[in-house]
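Coordinate-derived values only; no laboratory data. Treat the numbers as computed from the prediction; the structure is a model and nothing was measured. FYI the Cβ positions are ideal-geometry reconstructions off the backbone, even for glycines, and counts take in every protein chain you see.
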């Protein structure tokens, strides 16, 4: 796997004629909805095409495990470790020792950064006006076990962000709210790529294979395609349709009511943390409906992806979506949602979330590595 100048990793892909033919077969199977036997053939087609396998960590040669401003001491010889808080990096980062435990890089891992954007992705923007990522989710799927872990990163997390001028010239890399990484791009692919770099830096340089950003119009469409999400309200809130909801009331979310519930926040330090709790609640409920729809109709992930095409920016291909979805469903449909510990502060009138270093490293080890002892 070779790293490009833009921070992405590239691998070779199958020849286009072969991929086109097999993708046609995959789509045909999806449209025919052949039930259990069709699902088996669909899974076989996914693996044969490659799809998400092009994202897997098996192609990764080494991991730097470096992070500017980190308080964690890193050594390459276990004899150099001063105490259990020292991270010992062995085999170019493929093996690490921390707090007396040994971890090995999970080479069956596929990673996708999911972004919820506060503006339409239809039109390109100049850097500085590309919008912001209100939701930042790193999805890590173990393609062998099917275990899925989702890291919900606060938009206010203090991280190293590449800053660009309006004419797309790099200015500097500085610590800012991680949500601003998206703003310093064109509101489409370069915004996603800049956010990928910022998240990767936050996570000790671990590479992120792919990205998918969706705007609010796309989230609304997806919500309707699963039939609308029902859940108990976590707050007292007045919805745009005039309904007054009290904490604990059961509500069904559609349209403007959906947007208000998952985006509303006050102005205090912990407002976004409370909003993240509602987003976590919504994502969990939506995922269950997505699972049910896909079990009824194996073509649903592809249909959903196609329906959102005008509201999504991604470097994933349809075969990648099919591979990841079928792998997730084949092994079960549970996932673990993780968050980072930290503290809030004010900086130039904005809220900054300072991620706790120990919590961050332990979370990175849980997501990207397997504990051997």
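If you plug the beta carbon distance of residue 330 and residue 254 into 1/(1 + (r/R0)^6) with R0 = 25 Å, you get a FRET efficiency near 0.20. Let a ≥ b ≥ c be the square roots of the eigenvalues of the Cα gyration tensor of segment 93-246; is it rounded (a/c under 1.5), or, if not, prolate (a/b larger than b/c) or oblate? Oblate. Modelled spin labels at residue 168 and residue 118, positioned 7 Å past Cα toward Cβ, are 2.5 nm from each other. Length gained on full extension, residue 274 to residue 307: 8.8 nm, using 0.36 nm per residue less the C-alpha separation.
Grab the alpha carbons of segment 193-297, take their convex hull, and tell me the volume per residue in Å³. Don't jump to the answer; show the numbers that get you there.
Numbers: hull volume 14.7 nm³, N = 105.
Measuring per residue, one finds 140 Å³ for the Cα hull of segment 193-297.
Rounded to the nearest 0.05, the FRET efficiency derived from the C-beta distance between residue 73 and residue 246 at R0 = 56 Å is 0.65.
Working note: Cα atoms of segment 76-120, range along each principal axis, descending, whole Å: 53, 23, 16.
Listed by Cβ neighbour count within 10 Å, with the fewest neighbours leading, 190, 339 appear as 339, 190. Placing a label point 7 Å from the Cα of residue 101 along the Cα-to-Cβ direction, the residues of segment 134-165 with a backbone N closer than 20 Å are 140-143, 145-152.
Find how much the distance from residue 224 to residue 83 grows on full extension, using 0.36 nm per residue of separation minus their present alpha carbon separation; answer in nm with one decimal. Length gained between residue 224 and residue 83: 45.5 nm.
Report note on the peptides 213-222, 308-317: ranked by the mean count of other C-beta atoms within 10 Å, highest first, their order is 213-222, 308-317.
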